[in-house]
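Notes to accompany the following structure.
The values are calculated or read from the model by the stated rules, or taken from the named source; none is laboratory data. Everything numeric in this text was worked out from a predicted model, so none of it was measured. Here the Cβ positions follow ideal geometry from the backbone for every residue, glycine too, while neighbour counts run over all protein chains shown. To get the accessible areas, we keep the full protein, side chains included, count just its heavy atoms, and leave off ligands, DNA and RNA. Shrake-Rupley method; radii C 1.70, N 1.55, O 1.52, S 1.80 Å.
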Amino acid sequence: MSDKTPVDFWFDPLCPWAWMTSRWVLEVEKVRDIEVRWHVMSLAVLNENRLDELPEEYREMLATKAWGPVRVVIAARQEHGAEVLGDLYTALGTRIHNQGEGPEKSAVAAALKDVGLPESLIDHWDSTPYEPELRASHKEGIEKVGQDVGTPVIAVPGLDGEQIAFFGPVVTPAPKGEEAARLWDGTIAVASVPGFYEIKRTRTEGPDFSNL
């Protein structure tokens, strides 16, 4: 058993902001005594009952881009164990976001090859028998924070043993070193206050992948 603090992180590989946050959390792992555990959530599942409220462009993206990657990732998790998710997410995010390949089937297939997983997992792109597991994983994460947020969701043990969970933080570029540690300490501090819900300001920049 590890004596490090477990940090549960729910991601959808489609989301560039979740990707930024995930790189920050891995940086925190170097400077704080934590261990990240990866889980799958789905923007497609999150939004499937409110499509009429969304802009047409976003609806189109969810219909054409959102299902395939998470189906493949949940299949990898079910067939090869949760321990493959970290490396697979890194390979996916690097191709989809850093290299600009997008959430295309070709990028996901290449990411599988990058980490030595069977290329046959791409067969889950259009449908998968693991949809109940995908929905269960999504539900586990989103129920910790509520339906009006997205990915990522992070959960850590609180002082009383109960999990503290929150969406985000949304940050760009991903902080490194002691800056990453300070953001972590501050995030945990505010998230642990009973009744605390939100800090927010208008985004003026898109995700910056240049230092990843």
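When you check Glu178 against the structure, is it among the acidic types (Asp, Glu) and touching a helix residue (DSSP H, G or I) at 6+ places or on another chain (Cβ under 9 Å), yes or no? Full working, then the answer.
Working: among the acidic types (Asp, Glu): yes; touching a helix residue (DSSP H, G or I) at 6+ places or on another chain (Cβ under 9 Å): yes.
Answer is yes for this residue.
Tell me yes or no: at least one residue of the range 122-145 is within 17 Å of the chain's Cα centre (by Cα), open to solvent by 80 Å² or more (accessible area, probe 1.4 Å) and over 21 Å from Leu85 (Cβ atoms). No: zero hits. A single member of Thr151, Thr172, Thr204 is hydroxyl-bearing (Ser, Thr, Tyr), in contact with a Leu (Cβ under 7 Å, 6 or more places away or on another chain) and either in a loop (DSSP other than H, G, I, E, B) or open to solvent by 60 Å² or more (accessible area, probe 1.4 Å) (or both), and it is Thr151.
Every listed requirement among (1) in contact with a strand residue (DSSP E or B) (Cβ under 7 Å, 6 or more places away or on another chain); (2) touching a residue at least 40 places away in the same chain (Cβ under 8 Å) is met by Gln147 save one, (1). The set of residues in the range 31-57 that are touching a helix residue (DSSP H, G or I) at 6+ places or on another chain (Cβ under 8 Å), part of a helix (DSSP H, G or I) and open to solvent by 40 Å² or more (accessible area, probe 1.4 Å) comprises Val31, Leu51. Taking the numbered list (1) crowded, with 19+ Cβ neighbours inside 10 Å; (2) over 17 Å from the mean Cα position of the chain (by Cα) in turn, Asp160 passes all entries but (1).
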